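First comes the structure, then the notes that go with it.
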Amino acid sequence: MTLSKPKREPATNLREILRVCRDLIKPIRGVSAGSGLNWNKAELLLELWRVADGIGDFHPDADGFVTFNELRESLVDNQPHVSRRIKEVAARDRQWVEVRESKKGEAHHANSHCVRISKKGIATIKPVWENLRELASELFDRIRLTDRRVHLQVNQRILHKIRSYRYDASQKTPPADPVENIITTLKVRRELMTPRVKERLLEGTNLTLEKADILVGLYGVMKFDWPDPRSDEEGFVTFKPLQASSVHSQSSSQFLFSRRIRDLEGADWIEIRKAKPDQKYLGENDRFRITEKGILVIEPVWNKYQELAEDLMEDVPPRMRLVHLQVNEKLLRKLQPPWARLL
């Protein structure tokens, strides 16, 4: 969501990163179409292939293996989920990765276990990588090289600020290939979803990230006249614009999104005006507005989010922040078809 004022606040930069990642979901899934990979598997293989190619965020041993813990940290996921992904791509009918076990008979891969991409895995992931490069080239077409470099540098500085031991802020990445802008954007989003960050923002509330996201959207409409989601003169937003503007719940089913709204109404944090009072389920024409109680709950969360953004972009000069914001806004215009902005 773009703040109407002040437009150069670091919180706006972070919000635009999340919006870009939200709108990348569909095209990103498209780059792996036809490969036999869903994005979860493709993402893991891309990490390992980039390491093998010398452009990853960590370094393999002499045999090309990286530890499970390194891969888990890079994917910003928990041990069981990453372990399951590894088992799926290492299965006998695929053999896209090779696993070197440190201990036999464990239910999950231990952090010291090692993994590397196999020749079959490289052959499988290379077309996906080329599709991703093509998508990035299309998105950054007509964006100046100097602006693209700034965009990449700001992403790298944010990552370095979050975890300096993993991300080198002075990393020399070929600026001619915009795929690195996309990769670092996705990595920033991953890092902003860690339990440590969520705990910092939501501590003292009973909110999930998805429910906080809904409240933030309605709060921005009420307090800052945000144009996204579109609202009426009373600050009410209908179902589709609210769901489309969400950066953490857009891909949720209508039923799940409705249930979260109902939960927020039950806590007296959201007011619902139904188009048909007798209708049991929420419909597209129903309207929602944050209440005073909702504002009291979400305002401290928003303030913490602003503080987080200030911390992460402390070393980024205002001019670079502005260029980074402008590039992300151009990406959003390319990712969103004109009809979507009319919702």
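Remarks
- Filtering 86, 17 for residues that are aliphatic (A, V, I, L, M) and under 25 Å from residue 246 (Cα atoms) leaves a single hit, 17.
- Test result for residue 271, of a type outside the set (Gly, Ala, Ser), outside any helix (DSSP H, G or I) and surrounded by fewer than 12 Cβ atoms within 10 Å (Cβ to Cβ): no
- Test: residue in region 285-293 that is assigned to a helix (DSSP H, G or I) and at pLDDT 90 or above: yes
- Single unsatisfied condition, residue 130 versus (1) more than 30 Å from residue 263 (Cβ to Cβ); (2) surrounded by 17 or more Cβ atoms within 10 Å (Cβ to Cβ): (2)
- Matching helices (runs of 4 or more DSSP H) fully within region 25-108 where at least 2 residues are among the small types (Gly, Ala, Ser) and either modelled with pLDDT of 90 or more or surrounded by 14 or more Cβ atoms within 10 Å (Cβ to Cβ) (or both): 39-52, 79-90
- For region 203-223, taking the residues that are of a type outside the set (Asp, Glu) and more than 17 Å from residue 291 (Cβ to Cβ), the one that is modelled with the lowest pLDDT is identified as 204.
- In region 205-218, the residues that are under 14 Å from residue 304 (Cα atoms) form Cβ pairs under 8 Å with partners that are part of a loop (DSSP other than H, G, I, E, B), at six or more places apart or across chains, as follows: 209/193; 209/248; 212/205; 213/246; 213/247; 213/248; 213/249; 216/1.
Matching residues to (1) in contact with a Pro (Cβ under 7 Å, 6 or more places away or on another chain); (2) of a type outside the set (Lys, Arg); (3) not in a helix (DSSP H, G or I):
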| position | (1), (2), (3) |
| --- | --- |
| 200 | no, no, no |
| 204 | no, yes, yes |
| 210 | no, yes, no |
| 220 | no, yes, no |
| 227 | no, yes, yes |
| 231 | no, yes, yes |
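- Looking at 305, 281, just one residue is outside any helix (DSSP H, G or I), over 18 Å from residue 228 (Cα atoms), hydroxyl-bearing (Ser, Thr, Tyr) and out of contact with any strand residue (DSSP E or B) (no Cβ under 7 Å at 6 or more places or on another chain), and that residue is 281.
- Scanning region 154-179 for residues that are assigned to a helix (DSSP H, G or I), in contact with a helix residue (DSSP H, G or I) (Cβ under 7 Å, 6 or more places away or on another chain) and either surrounded by fewer than 22 Cβ atoms within 10 Å (Cβ to Cβ) or at pLDDT below 90 (or both) yields a total of 4.
- Single residue of region 115-145 satisfying the filter (hydroxyl-bearing (Ser, Thr, Tyr) and in a helix (DSSP H, G or I)) that is farthest from residue 36 (Cα to Cα): 137
- Residues of region 75-102 classified as over 15 Å from residue 41 (Cβ atoms) and either touching a residue at least 40 places away in the same chain (Cβ under 8 Å) or outside the structural domain of residue 160 (by TED's automatic domain parsing) (or both), total: 1
- Those residues of region 270-297 which are among the polar types (S, T, N, Q) and touching a residue at least 40 places away in the same chain (Cβ under 8 Å), in sequence order: 285
- Residue in region 242-256 that is surrounded by fewer than 17 Cβ atoms within 10 Å (Cβ to Cβ) and more than 20 Å from the chain's Cα centre (by Cα) present: yes
- Inspection of region 247-269 finds a residue satisfying the criterion of being in contact with an Asp or Glu (Cβ under 8 Å, 6 or more places away or on another chain), at pLDDT below 90 and hydrophobic (A, V, I, L, M, F, W, C).
The values are calculated or read from the model by the stated rules, or taken from the named source; none is laboratory data. Quantities reported herein were computed from a predicted structural model and do not represent experimental measurements. All Cβ positions, glycine included, derive from the backbone under ideal geometry; neighbour counts span all protein chains shown.
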